[in-house]
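J.: My structure is below; once you've seen it, I'll send some questions.
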Amino acid sequence: MSLSTYVTFAGTCEEAFKFYTQHLGGTTVMLMRYDSAPPGGPKQTEGWEKKIMHGSMTIGGTVLMGMDASPAMYQKPQGFYVSLSVANVAEAEKAWAALSSGGEIRMPLSETFFAKRFGMVADKFGVPWMVNCAP
């Protein structure tokens, strides 16, 4: 058994995966576009043929999956955070700088009683993240 996070995007899945690859050291494993689905596959939103029907990537050995949800189906992510655990303060601050750029800081990155650094942010794609550097 395994557990993975699956995030929906409002048409920015490919851009987000490229961003996570560049700034979090991720590796994109697959990007399947709507126009590559066999006949009878998911109904395509007009103009979204090149959007991502299913994508997967790894970040630090963990799988993150995602897709572009049509405007009629997309809902802003809420009720969860993708938790990013890092090895040291420098790595926490680097990840934080990337994720918070253009995002919404919900709890600033700072030292806490339980971590060398901890912060909560929704990135520019609307994905909520926790960045944690344990003591």
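Read-outs: derived from the displayed coordinates by stated rules, not from any lab. Everything numeric in this text was worked out from a predicted model, so none of it was measured. In this analysis, Cβ positions are derived from the backbone assuming ideal geometry, glycine residues included, and neighbour counts consider all displayed protein chains.
J.: If one takes the longest principal axis of the Cα atoms in the chain, at what angle in degrees, from 0 to 90 and to the nearest 10, does the Cα axis of helix 89-100 lie?
T.: 40
J.: Next question, about the same structure. Let me confirm the definition first: pairs of Lys residues in the chain, 8 or more apart or on different chains, C-alpha distance under 25 Å. How many are there?
T.: Value for the chain: 15.
J.: Can you classify segment 5-68 as rounded, prolate or oblate using the Cα gyration tensor, where a ≥ b ≥ c are the square roots of its eigenvalues, rounded means a/c under 1.5, and otherwise it's prolate if a/b beats b/c and oblate if not?
T.: Because a/c hits 1.5 or more and a/b exceeds b/c, segment 5-68 counts as prolate.
J.: When the chain is fully extended, how far beyond the present Cα-Cα distance does V63 get from T5, taking 0.36 nm per residue of separation?
T.: Between V63 and T5, full extension yields an extra 20.2 nm.
J.: What number do you get for segment 82-133 when its Cα radius of gyration is normalised by 2.2 N^0.38 Å, N = residues?
T.: Cα-based Rg divided by the globular estimate yields 0.99.
J.: Also, quick follow-up: Could you point to the residue in Q44, M32, S2 farthest towards the positive end of the chain's charge dipole, with +1 and -1 charges on the Cβ of Lys/Arg and Asp/Glu respectively?
T.: My answer, from the dipole projection, is S2.
J.: Return the calculated 222 nm mean residue ellipticity for the chain, to the nearest 500 deg cm²/dmol, obtained by summing -39500 (n - 2.57) across DSSP H runs with n ≥ 4 and dividing by the residue count.
T.: Estimated from H runs of four or more residues: -5500 deg cm²/dmol.
J.: Each label point is 7 Å from the Cα along the Cα-to-Cβ direction; what then is the distance between the points at E111 and Q78, in nm?
T.: 3.6
J.: Something else about it: Provide the per-residue ³J(HN,Hα) series for segment 64-73, in order, calculated from phi with Karplus coefficients 6.51, -1.76, 1.60 and θ = phi - 60°, each as a whole number of Hz, with x at glycine and proline positions.
T.: Each residue's phi maps through the Karplus curve to give 10, 10, x, 7, 8, 8, 4, x, 6, 9 Hz.
J.: For the chain, find the longest principal axis of its Cα atoms and tell me its angle to the long axis of helix 13-24, 0 to 90°, nearest 10.
T.: Its long axis makes an angle of about 30 degrees.
J.: How big is segment 34-108 in terms of Cα radius of gyration and Dmax, in angstroms?
T.: When restricted to Cα atoms, segment 34-108 yields Rg and Dmax of 16.5, 49 Å.
J.: How far apart, in nm, are two points set 7 Å out from the Cα along the Cα-to-Cβ line at Q44 and at E104?
T.: 3.2
J.: Further question on the same structure: In the P(r) worked out for the chain, what percent of Cα pairs fall beyond 21 Å?
T.: That tail contains 44 percent of the Cα-Cα pairs.
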